[in-house]
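First up is the structure itself, then whatever we jot down about it.
The values are calculated or read from the model by the stated rules, or taken from the named source; none is laboratory data. Source: prediction; values computed, not measured. Cβ coordinates were reconstructed from backbone atoms using ideal geometry, including for glycine residues, and neighbour counts include every protein chain displayed. Keep in mind that these areas ignore ligands, DNA and RNA; they rest on the heavy atoms of the full protein, side chains included. Shrake-Rupley method; radii C 1.70, N 1.55, O 1.52, S 1.80 Å.
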Amino acid sequence: MTLDTPIVGPARDAEKKTRGRGKASPTATAPSVAAGVDLEEATDRQLVTWTRRGDLAAGDLLARRCRRPAYLLALQLMRNPDDAMDVAQDAMLRFFSTLDRIDKGRPVRPWLYAIVRNRARDLMRRRQVRRHDPIAADDPEGGVELVSAAPRPDADAERAELQRRVWSALARLSEGHREILVLRDYQDLSYEEIATVLKIPMGTVMSRLHRARKALRDQLIGDEGTSAP
Amino acid sequence: MTDRTQHPTASAPCGRRFAEELLSGYLDGALTQGDRQRVRLHLEDCPDCRARFQEMTTLREATMTTRFAIPADDQWDETPRGALSLWSRRLGWALVVTWAAGLACFLLWQIAAGPESLLEKTVIFGGILGVVLLFISVLSDRLRAIPTDRYTQVHK
């Protein structure tokens, strides 16, 4: 396998870069009724606490912060924009109806991601009952638009090609392998966060992730073999 | 984290006694200082594992730099209902249905016990029965559609 795409500097998820830059609504920028502080500066944990107390502005901002990462993860798991929107909407509803159950002192995002993951699995299973293959074999990208952002055309094209190959290969991995690769390599979650989302011991994350990476590599090699003349 | 670098694994690229999964831990910065040092030394000494690690690094960079099109903000104007809203609506519906059923039973009993003739009672009960059957038909269709109707869960 030849993987000579130039390695770039520290990469961050697009969502993390754009987080907090979204169009602010009047309710979200208004001072919190419960805390009397600027909500935009609040952490997710603080917003959860204030939302539980009935602060509607905090709830609105929490929804705006969470819905995009929820959609992004749903998209990466479902590989279809319409399904991803369904899953994200369901997950957001579940997220807000279970705010009281989020452990104090624990980060909020893994809780949200666990809900998204469970909703995605539910929907995939329902789809598999009706449709044997959830991902159309002739459309490995599933209608998902990958956005290229590199400034150099050559490196951009080369990397974009590798990104497309990896994205297509992911579709043919097992659900478990795909999940852990998405959480680590697309969502950039820590091992501890992955363990929380997948509800597995932290000590098994590394071995499971490595097996998934090997499976991805084998899939890419297989794809090269089948596409060669 | 315990020292796992010397545990035998059959799948290590070099075939040596090396826990290959540590390459992933090394890539992700998830190893202890001791394990990190051992992996680093192994990579310096082992071209096979070094090549594998380079592949892993390249693949990870490819995935981490992948960007996805996200719906515009104006498509996100729907805010999920809160739990209070959902439960109050369910309770409200239950109370309204109970009240309507009770009221209907009372009125029907009043008509049945009233002085109207049998023909008049038949016409009244027939009309009421027709309306009730139509209502049940619509209600059952609606209830069947709820599980797949995501718009019941959002504010417009």
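Would you mind counting up the charge near B:GLU44? Only other residues with Cβ under 12 Å from its Cβ, with Lys and Arg at +1 and Asp and Glu at -1.
On the way: positive: B:ARG38, B:ARG40, B:ARG50; negative: B:ASP45.
Net charge in that neighbourhood comes out at +2.
Just to be sure I understand the model, the point goes 7 Å from the Cα along the line to the Cβ. What's the resulting A:ASP122 to A:ARG52 distance in nm?
Result: 2.3 nm between the two label points.
What is the percent carbon and sulfur in the accessible area of region B:85-148, measuring with a 1.4 Å probe over the protein chains and ignoring ligands?
Working: 4250 of 5380 Å².
Within region B:85-148, the accessible surface is 79 percent carbon and sulfur.
What list of ³J(HN,Hα) values in whole Hz, one per residue of region A:96-108 in order, does the Karplus curve 6.51 cos²θ - 1.76 cosθ + 1.60 (θ = phi - 60°) give from phi, with Gly and Pro shown as x?
Values per residue, Gly and Pro as x: 6, 7, 10, 4, 5, 9, 6, 5, 5, x, 9, x, 7 Hz.
Tell me the net charge near A:HIS177. Cut-off is 12 Å between Cβ atoms, A:HIS177 excluded, with +1 for each Lys or Arg and -1 for each Asp or Glu. Display every interim value, and only then the final one.
Working: positive: A:ARG172, A:ARG178, A:ARG184, A:ARG208, A:ARG211, A:ARG213, A:LYS214, A:ARG217; negative: A:GLU175, A:GLU179, A:ASP185, A:ASP218.
In short, +4.
With a 1.4 Å probe and all protein chains in place, put B:GLU116, A:GLU192 in order of accessible area, largest first.
Numbers: B:GLU116 70, A:GLU192 115 Å².
Most to least solvent-accessible, the answer reads A:GLU192, B:GLU116.
When the chain is fully extended, how far beyond the present Cα-Cα distance does B:LEU134 get from B:PHE106, taking 0.36 nm per residue of separation? All intermediate terms of the calculation are to be shown ahead of the outcome.
Details: separation 28, 0.36 × 28 = 10.08 nm, distance 2.07 nm.
Fully extending the segment from B:LEU134 to B:PHE106 adds 8.0 nm.
Amide H neighbours of B:ARG67 under 5 Å, counting only residues 5+ apart in sequence or on other chains, H built in-plane at 1.01 Å?
Result for B:ARG67 returns A:VAL147.
So which residues of region B:42-64 lose at least 30 Å² of accessible area, probe 1.4 Å, when you go from the chain by itself to every protein chain present?
Output list: B:ARG52, B:GLU55, B:THR58, B:LEU59, B:ARG60, B:GLU61, B:ALA62, B:THR63, B:MET64.
Under the rule a/c < 1.5 gives rounded, and otherwise a/b versus b/c splits prolate from oblate, where does region B:85-148 land using the Cα gyration tensor?
In terms of gyration-tensor shape, oblate.
Send over a whole-number figure in Å² for the accessible area per residue of region B:85-148, probe 1.4 Å. Mind dumping the intermediate values first?
On the way: 5380 Å² over 64 residues.
It amounts to 84 Å² per residue over region B:85-148.
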